[in-house]
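Nothing in this text is a laboratory measurement; each read-out follows from the coordinates by a stated rule. Given the structure is predicted, the values throughout are model-derived calculations rather than measurements. A quick note on method: Cβ atoms are made from the backbone with ideal geometry, for glycine too, and the neighbour counts reach across all protein chains shown.
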Amino acid sequence: MAQSFRLPEGGVIDRSKSLRFSFDGRSYEGHPGDTLASALLANGVHLVGRSFKYHRPRGIFSAGAEEPNALVQLGEDPRTDPNQRATQVELFDGLTAMPQHCWPSLEFDLNETASLASRFLPSGFYYKTFMWPNWKLFEGPIRHAAGLGRAPRLPDPDRYDKTYAHCDLLVVGGGPAGLAAALAAGRRGARVLLVEQDSTLGGHLLSSPDSEIDGQPAAEWVEAARAELESLPEVRVLTRSTCFAYYDHNFLGVLEKVTDHYAPYSRPQHLPRQRMWKVRAAQVVLASGAIERPPVFRDNDRPGIMLASAASAYLRRWGVKPGGRALVLTNNDSGYRAALDLKNAGVDLAAVIDLRLAAEGPLSAQARDEGIPIRSGHAVTGTQGHLRLRKAFVAPMDGEGRRVFGGGEPIECDLLAVSGGWNPTVHLFCQSKGSLEWDEQLACFRPARSMQRNQAVVGGANGTFALGEALREAHAAGLQAAEAAGFAGSGSERQAPRAGGEGDFLPLREIYLVPSIQPVGQGGKHFVDQQHDVAASDLLLALREGYRSIEHVKRYTTTGMATDQGKTSNVNAIGIVAEHLGKPVPEVGVTTFRPPYTAVTFGAFAGRDVDGLLDPERTTPMHGWHQAQGAAFEDVGQWKRAWYYPRPGEDMHTAVAREVKATRDSLGILDATTLGKIEVRGPDAARFLDLVYTNMFSTLKVGRCRYGLMLKEDGMVFDDGVTSRLAEDRFLMTTTTGGAANVLDWLEEWLQTEWPEMKVYLTSVTEQWATMTISGPKAKALLGEVSDLKLDSETFPHMSFAEGRVAGVKARVFRISFTGEMSFEINVPARYGLAVWETLIRAGAKYAITPYGTEAMHVLRAEKGFIIVGQETDGSVTPLDLGMNWIVSKKKPDFLGRRSLFRPDMQKPDRKQLVGIETEDGREVLPEGAQLVESNGAARPPVPMVGHVTSSYWSPNCGKAIALALVKGGQARMGQRLYAPLADRTVACTITEPVFFDKAGERLHG
Amino acid sequence: MRLKRWFKAALHRRVAADTIQPETGIGRCGTTGWSEGAATGMNKRYSIFSLARNAFSRHENWQEAWRSPTPKPRYDAVIIGGGGHGLATAYYLAKQHGMTNIAVLERGWLGGGNTGRNTTIVRSNYLWDESAALYEQAMKLWEGLSRELNYNVMFSQRGVLNLAHNLHDLREIQRRVNANRLNGIDGEVLDAQQVKDFCPAIDLRAGGRYPVLGASLQRRGGTARHDAVAWGYARAADALGVDIIQECPVQGIRVADGKVQGVETARGYIETNKLGIVVAGHSSLLAEMAGFRLPVQSVPLQALVSEPVKPAINCVVMSGAVHAYISQSDKGELVIGAGVDKYVGYGQRGSQPVTEETVAAICEMFPIFRRMRMMRQWGGIVDVCPDASPIISKTPVEGIYINCGWGTGGFKATPGSGWAFAHTVARNEPHPLNAPFTLDRYRTGYLIDEHGAAAVAH
Ligand SMILES: Cc1cc2nc3c(=O)[nH]c(=O)nc-3n(C[C@H](O)[C@H](O)[C@H](O)COP(=O)(O)OP(=O)(O)OC[C@H]3O[C@@H](n4cnc5c(N)ncnc54)[C@H](O)[C@@H]3O)c2cc1C
């Protein structure tokens, strides 16, 4: 029968509408307001998953984020999500879910044989075996047995967003305490952000809708609070939003699930799937509540065993009977809440088993009054039922709670609701480095000392379990936060909401390990971490083997390391370890709380920074033109640079050869916009440049340009480029394309941290200018035709610049050369770049102007032996190694890296030095990255390497292959023979000077 | 040559030890390290048989993996730092150099530093000869480590890919693989299709911001189980008589006449003439106690794991260009790492912006993982040298030796580092393998700069 466990009334579900969904291939119905878990329970489905290690059948254990067992695979590729907690998945029409981690089926899982062999698989068994012959043999099958759900196999089609929020107060948690705090601060006018992971506000009031606040039923109070918060203009409430991380200085991460709860066909297209909020809050109030702790007894993991608070929640919030015949096990008074709820809903309640010697407290008194059978001083000693709980065994305990008497009386039941006390949800507080104390009376860790200023913890999260007290505390914290954020009170403010003492679970009896008829570890298992199948016997084994630190226990047994991150298991593990070591619980201590509180989708971290937007793609104003010409592009840093321009029928090699040749023969044009450009201004600019470059810049005359090398402190070449003096106090520095940002960072760091007294200002102007280089014998002729500049070598010599008009546009033209030809670098404001470029192309047609890409540029400069930083250098090369002694000033008292150049090992003659390399056969082009060795023979490794090829090309102008290399002591080895051993052959080659073309450098001058 | 002989002998011993006599279930294990210690019985040896035997006694009879001794007033050598490197040092001091009256002092719990926080990538395909030799020595030790220690460190040689996304990367990969081969280290250059064949999860879509152009592959590279490395070395060292003392922070170092006298600890003064400092992110603090300075910066480095899933990626993938790397643990979690935080510090956390960048990079390389979820994120404090290479060296104080500067990538070196450092401590001189890695090199300029070469250094 459909929804046979649904109660006829009650709960916050909409019975007027039905939602169809499927689980494990079977169709069911539920209602709006359901979670997948509540809908399954309404249909009588308890068995939903299998445990990690032993593949034990598992059911729905909780009603929230702490769920260890009910994990499902949601949806289908490409929108499939593994390991979703059924307790947190909102039901929507058409939802499909599958069990995971079982084969061939959920009911019959062959891997459950692991359970039979569990005796041979105690914690850490894999450290003790699988060593022979090697791990590889065993790893494959083990990996397949492990894992839970399945990763999607297709790319995720969904979109994610990221956004920032700044607020006076962030309230985490929309239960009674969170609402009270948000109201108190919100009424004062503070900008409040309240986040709640659930789909609706109310927290645990949702499962006790009739407790009273300010004389109203809780449900009404929550509704009123919601409405009031909504009416406050500075208050924002985010539901379905989990605060997952808490960093220093009140910086917090929140994940909002925006459209996950819609049926796929009705998902609003304009909204992202999820949104990450990065919140900077002046004040934070943590009202994250508490999580019930299960008692650890033998075979406590069967489907049908669930937290008492979850049983209440299913009954009251979702109107679902979680079983037909129930038993309750508790060590505190709050377990009786579930008993009362079950009884009221007409569930057959066998008894409450109370671990306490006497049942005392308001709820147990009420239960007794209502005639619920209570067995105090008793324990559940074991359970039966494979795919669903059938029976529990109950026996009296001794006074210490260490032993039971008798074999245990069987009690038929299909639901066992359990309570072992409550743990404040201190995760976020601890992430923010707050420290905990052990509360003896409440038997829980609670916040003690905060490490963040402007932070408060209230309500259940603070161990304040009584509703009235929690409301008072939260209200006060809200007011204080508002006050601290500058919102004073008016004097006529409302009082804290008032409520009775409900929620108090004292007294409580601390028993971490419920005794059974046999000693722990013998027959049956006392599960501590249900998902990972860590039993109490595993903890004891770890201790026995010397893994005593709680961190060792955790890592050795993997307790608390499952997807629930130990929300229901950690404190039990600590308690059991403490008991066994005879130490007080706080001395054992907690393991570190790490983000995230619950798992966060990768896509949400990435936001829009995916595909083309992962990194900005930078293009020049002439990019479209290059594309239209069919250019191939290369990535250089973030830039797309034209690599070469193949004509129909040309491959890369022929295209590059043509471009190189045309440039030397007549005229080439290069888009050089991407070179970094930094304006260096201020009265100390020249002095500053003297310190950052190896050579002198203070002597540079206005209007002139100079090539400079920059070193890191270690004396190694870091960047290079031409810097021009625009005015006495103003320079334009150029850097490599990929290095521009690093250079700017580097210069700023020195200015800001070491030389703050210098008056120098740096501005990146890379994107303000479009730069095109015309190069070749006809460069001067072309420029003369399109500009008003005087180009004779007197007025416009090599290494100088001039301002004028090019193609009618105001331009700065530099006469510098990276090809060895006469070259002009024409800079125009970026928005004119394309127009000027096109004019040059048109006017240059008569000189057969040829656009050339970065590859041809590399060849041209290599023919001249010019280096490229990052290719000839790798962070281990000095100017001396490059044969550039001339650029290292002997006069300057200091510059960055200078001292390092004088270290003894920097002067050694056998350092790797820049040389040219020609292959024996002349046509063979060495691969870049080839290593060079002394001998040809097939030597056994390690073969000493004397150098490596940094650049290597076919040079159409030289008619042979040329290469640059760094070779040990190379500058003194001209003409000597070396070998390049490649994967399939060895190439003989000769060391040469690194300049291959126009050695005298005459072509520069036209 | 000696090294080789030693290897052969060690191998021989291990094989012998693995020959179990079925009738007794006891291995002939007299020559392996772990069984020679005072406190050991035959029960201590791990094997499928001991596991079975203990199963029948309900695992009640397993012995402690290591003792928890009270510190003695004096030791022949003291190692500060109970991470993998410190424990390996102690093990090889006892095993190779016969020094058994020694102690490891650990501030907290064994392996709680970077050893227990790292992403466990092991490879030896370093560019420079000096590094290659050292990491390759480690690799060779890894290959027999589980049996050597009689503790399964789950060394999984599943292959490490270093992706190339641009021409510069391709050039660097060529150079490194060529150097590796000449140094006798396995390496291959793969083109894009071969990358896809080797690691089908990789995305080769045209139009991705950083298309994969190729990769280098070291097949012998892979991962290992970090905790097991610390525990395995601890257990084996303990068996040889080494005192492993946890919760024993060193608070001061006594030096007289330029010579070390002993250490002040939370558990009293301990005298020694040989002191090895192996404390990773806290190296400069310890050096300061001894009165010298180190060129080391301490910065947070973070890592994260996803929820576990069935096998989805079969090898280790690293990318310098997008700056992230990934593998999948045996448990099924995607293990992901990134670059260091942009500031120095001792908070073992790692900042959110770096998490975002890293995860975005993973989403770029593997769009199929965008719906996966981050389950846990953490950080460690790494000790970074200016040239990104370690220091394994004598120091200005006689009797004090330092092993640090492993930065973001020292897990893979653990066995080799301990092996070489033990030699240095025992002989008061470096082994040829670590001779280049002096503290002095920052003065003389003999740097071993792996920055340019490795890009992501893990
Ligand atoms: C997130 C992350 C990812 C990484 N990924 C990789 C990787 O994939 N591959 C790789 O090869 N490497 C990786 N590394 C680097 C690697 O973890 C380290 O280089 C290596 O583990 C260092 O080992 P160790 O034993 O020297 O240091 P640690 O393990 O840090 O040990 C040092 C020990 O010294 C102790 N100590 C400190 N001060 C004192 C004191 N005063 N007294 C006593 N004891 C003290 C500490 O408590 C600590 O246990 C990674 C590191 C991190 C943080």
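Values as computed for the structure displayed
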item	result
Lysines whose Cα lies under 22 Å from that of A:K162, excluding same-chain neighbours fewer than 8 positions away	A:K257, A:K278, B:K342
Alpha carbon convex hull of segment B:60-99, projected area averaged over orientations, nm²	4.0
Placed amide H near A:F697: partners under 5 Å, 5+ positions off or other chain	A:D690
Residue exposure sequence - B:L439, A:L307 - by fewest surrounding Cβ within 10 Å	B:L439, A:L307
Enclosed volume per residue, in Å³, of the convex hull spanned by Cα atoms of segment B:168-249	203
Links that overshoot a 32 Å alpha carbon limit, given the list A:K128/A:K567; A:K136/A:K968; A:K890/A:K960; A:K128/A:K583; A:K433/B:K394	A:K136/A:K968; A:K890/A:K960; A:K433/B:K394
Whole-Hz couplings from phi, Karplus 6.51/-1.76/1.60, listed for segment A:204-214; x for Gly and Pro	6, 5, 4, 9, 9, x, 9, 5, 9, 10, 6
Per-residue mean of C-beta atoms belonging to partner chains within 10 Å, peptide B:350-361	5
Over segment A:865-958, equivalent-ellipsoid semi-axes from the Cα gyration tensor in Å	30, 19, 10
Percent RCO, i.e. relative contact order, over chain B, from Cα pairs under 8 Å lying at least 6 residues apart	20
Principal-axis tilt of helix A:854-863 within chain A, Cα atoms, nearest 10 degrees	50
Other protein chain Cβ atoms within 10 Å, averaged over every residue that makes up B:330-340	4
Under the Karplus curve 6.51 cos²θ - 1.76 cosθ + 1.60, θ = phi - 60°, whole-Hz ³J(HN,Hα) for segment A:477-485, x wherever Gly or Pro sits	5, x, 5, 5, 5, 4, 3, 5, 8
Against the rule of thumb 2.2 N^0.38 Å, how large the Cα Rg of the protein assembly as shown comes out	1.01
Kirkwood Rh, angstrom, segment A:164-290 [1 / mean 1/r, Cα pairs]	15.0
MRE, 222 nm, helices only [DSSP H, n ≥ 4, -39500 (n - 2.57), over chain A, to nearest 500]	-6000 deg cm²/dmol
Segment A:907-1006: equivalent-ellipsoid semi-axes (sqrt of 5 x gyration tensor eigenvalues, Cα, Å)	25, 17, 10
Share of Cα-Cα pairs in segment B:45-196 lying beyond 19 Å, as whole percent	69
Total formal charge among the other residues, if their Cβ is under 13 angstrom from that of A:H386, Lys/Arg +1 and Asp/Glu -1	+1
Equivalent ellipsoid semi-axes - Cα gyration tensor, segment A:517-596, angstrom	19, 16, 11
Dipole-positive endmost among A:G44, A:T96, A:L71 within segment A:19-128 (Cβ charges, Cα centre)	A:L71
Ranked A:I774, A:I841, criterion: other C-beta atoms within 10 Å, fewest first	A:I841, A:I774
Chymotrypsin sites (Phe, Trp or Tyr not before Pro) within segment A:889-986: DSSP coil, no more than 10 neighbouring Cβ in 10 Å	A:F902
Estimated translational D of segment B:303-430 in µm²/s (Stokes, Kirkwood radius over Cα pairs; 10 °C; 1.306 mPa s)	95
Cα Rg over Rh - segment A:19-128, Kirkwood	1.03
Measure of compaction for chain B (Cα Rg per 2.2 N^0.38 Å)	0.97
Chain B: angle of helix B:414-427 to the longest principal axis, Cα-based, in degrees nearest 10	40
Compactness relative to 2.2 N^0.38 Å, alpha carbon Rg of segment A:305-417	1.00
Restricting segment A:27-77 to chymotrypsin sites (Phe, Trp or Tyr not before Pro) in coil, as DSSP defines it, with at most 16 other Cβ within 10 Å	none
Packing-based exposure ordering (other Cβ within 10 Å, fewest first) of A:D260, A:D538, B:D387, B:D76	B:D76, A:D260, B:D387, A:D538
Number of partner chain Cβ atoms within 10 Å, mean per residue of B:179-190	3
Entries of A:K677/A:K712; A:K780/A:K999; A:K640/B:K310 with Cα pairs more than 28 Å apart	A:K640/B:K310
Rounded to whole Hz, the Karplus (6.51, -1.76, 1.60) HN-Hα couplings of segment A:439-447, x for glycine and proline	8, 4, 6, 7, 6, 7, 7, 9, x
Cα Rg, Dmax, segment A:713-765, angstrom units	11.8, 32
Cα-centre dipole for segment A:19-128 with unit charges at Cβ (Lys and Arg positive, Asp and Glu negative), debye to 20	580
Nearest-ten-degree value, helix A:740-749 long axis tilted from longest Cα axis of chain A	80
Contact order relative to length of segment A:841-991, as percent, for alpha carbon pairs under 8 angstrom and 6 or more apart	25
